[in-house]
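The values are calculated or read from the model by the stated rules, or taken from the named source; none is laboratory data. Since we're looking at a predicted model, the values are computed, not measured. Every residue, glycine among them, receives a Cβ derived from its backbone with ideal geometry; neighbour counts consider all protein chains shown.
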Amino acid sequence: MIRLERHLRRDIRAEGEAAYPDECCGILLGTVDARDTRTVAKLRPVVNAREAGERYHRFRMEADDILRAERLARSEGLDILGFYHSHPDQPAVPSGYDREYALPWYSYVIVAVLRGKARSMTFWTLAEDRSRFLRERSSADVSGLRPEPRRGA
Ligand SMILES: [Zn+2]
């Protein structure tokens, strides 16, 4: 389960719209609790390092950018939780390319940007055997590390 506050979702949407018609990409930094709930604390936008003619449907992050994000995360007591990117004029569903470059454990956020306007946002993790992406549960409401109130309790 991933927790991504509303203002961070808004930032990802804005990045996707700003990068349109190319893909934006970035890194999710945050914390993981004992029940594997991931809480995103901040976003680290990264330059899409694909060549100009490919950026509309592919993204790549330079190893240096990931290392810098790793260092930033560590200095703030955070971890890299995963990655986000946009799908210009495509549904927010991982592509075969996305799966090829994805790693188990990490969270993947995809926002569809249709005609320059951000639409649906989806959340995924890669299956352990890397055969497919699985939907990850998400929540817009972050209440620190307190447990969620039980319904009807
Ligand atoms: Zn993609």
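Take the residues in segment 102-133 that are surrounded by fewer than 14 Cβ atoms within 10 Å (Cβ to Cβ) and under 14 Å from the mean Cα position of the chain (by Cα), then tell me which one is farthest from G30 (Cα to Cα). The qualifying residue farthest from G30 (Cα to Cα) is S120. Residue check: V40 meets all listed conditions (1) among the hydrophobic types (A, V, I, L, M, F, W, C); (2) in a helix (DSSP H, G or I); (3) touching a Gly at 6+ places or on another chain (Cβ under 8 Å) but one, namely (2).
Restricting D65, D98 to residues that are among the acidic types (D, E) and within 21 Å of S120 (Cα to Cα) narrows the list to D98.
For S138, the criteria (1) polar (S, T, N, Q); (2) away from the ligand (no atom under 13 Å from the Cβ); (3) within 14 Å of R9 (Cα to Cα); (4) at pLDDT 95 or above hold in every case but one, which is (4).
For the structure I just gave you, tell me whether I27 is under 18 Å from T122 (Cα atoms), within 16 Å of the ligand (Cβ to nearest atom), touching a strand residue (DSSP E or B) at 6+ places or on another chain (Cβ under 8 Å) and assigned to a strand (DSSP E or B). Spelling it out, I27 is indeed under 18 Å from T122 (Cα atoms), within 16 Å of the ligand (Cβ to nearest atom), touching a strand residue (DSSP E or B) at 6+ places or on another chain (Cβ under 8 Å) and assigned to a strand (DSSP E or B). Show me the strands (runs of 3 or more DSSP E) found entirely inside segment 82-138 where at least 2 residues are small (G, A, S). Fully inside segment 82-138 and qualifying: 107-114, 117-126.
For G16, the conditions (1) more than 13 Å from the chain's Cα centre (by Cα); (2) outside any strand (DSSP E or B) are fulfilled apart from (1).
Per the listing A34, A41, A18, A14, the residue uniquely more than 16 Å from the ligand (Cβ to nearest atom), under 22 Å from L134 (Cβ atoms) and surrounded by fewer than 21 Cβ atoms within 10 Å (Cβ to Cβ) is A34.
In segment 92-106, the residues that are in contact (Cβ under 8 Å) with a residue 12 or more places away in the chain and at negative phi form Cβ pairs under 6 Å with partners that are among the aromatic types (F, W, Y) and not in a loop (DSSP other than H, G, I, E, B), at six or more places apart or across chains, as follows: P94/W124; P94/F133. Looking only at segment 74-87, decide whether some residue is within 14 Å of the ligand (Cβ to nearest atom), at pLDDT 95 or above and farther than 17 Å from R9 by Cβ. The answer is no, given that none of the residues of segment 74-87 is within 14 Å of the ligand (Cβ to nearest atom), at pLDDT 95 or above and farther than 17 Å from R9 by Cβ. Output the residue which, of all residues in segment 59-96 that are crowded, with 16+ Cβ neighbours inside 10 Å and aliphatic (A, V, I, L, M), is nearest to V40 (Cα to Cα). It comes out as L81. Scan segment 64-81 for residues that are under 10 Å from I27 (Cβ atoms) and in a helix (DSSP H, G or I) and jot them down. Within segment 64-81, D65, I66, R68, A69, E70, L72, A73 qualify.
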